[in-house]
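Rule-based calculations on the coordinates, nothing more; no lab input. All figures in this text were calculated on a predicted structure; none of them were measured in a lab. Cβ placement follows ideal geometry from the backbone for every residue including glycine, while neighbour counts extend to all protein chains displayed.
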Amino acid sequence: MEYAEDDFLWVSGIQHFVFCRRQWALIQNEAQWQDNELTLAGQALHQKADQPELKESRGNKLIVRAMPIHSRELGLVGICDVVEMIKDPAGTTLHGHVGKYRPVPVEYKHGQPKADLSDKLQLLAEAWCLEEMLGIKIASGELYYLKTKRREHVVFDEPLRDRLKEACNEMHQLWQRRYVPRVKVNARCNRCSLKDICLPEMLKRESVATYLKRMLAE
Ligand code: SF4
């Protein structure tokens, strides 16, 4: 199955979806967004990486910044911070360049490596788009964390690919219904940029539908 362009979702939304499905749905389905210091720091970092059209050559590498990407299979669209095209006879040809190149996506992150899969799934989604666009399998990518000033090497194995497919399927199902799910409130809500819109304290209360059901049953 292939998604139509009208149904493409943002690659960058995957990190919100893994952090909290409700946060993602508020942003995607209800166009709600509120910056906090974490999101502003992240945006400043991306502005550095996102200098459209910029390409530079370094040794055996061609560095492409802010590359527009999409995948019809996953129904995603977005921008890749940096794609390093490394000269490799097993790679693919690139328009206007001699030889063959192996693409390696590099995603810049403001903080430090996370315990959840959000950054890895976003990076894999970028690789998936590049695979579809360039017709080549990509084995791994790199996450660069500003706080640690280190790169994390991410291998795109089958379990990670399955997890990404599941996440995308679920995102598209919520998008088709324009549905904002209720979720359990937990510690992540304290650092959520949407907590003033989401009002997590209200989620702890019984919904009107449940209340009515319970009253009718009593
Ligand atoms: S406040 Fe909590 S439940 Fe609400 S969107 Fe943020 S993380 Fe999700």
Item to complete: Once you've got the Cα coordinates, tell me which of K61/K109; K61/K165; K100/K165; K55/K195; K149/K184 are over 32 Å apart.
Response: K55/K195; K149/K184
Worksheet item: What order, most packed first, do the peptides 158-164, 142-148, 10-16 have when packing is the mean number of other Cβ atoms within 10 Å of each residue?
Response: 10-16, 142-148, 158-164
Worksheet item: How big is the Cα convex hull of the range 54-108 in projection, averaged over all directions, in nm²?
Response: 4.4
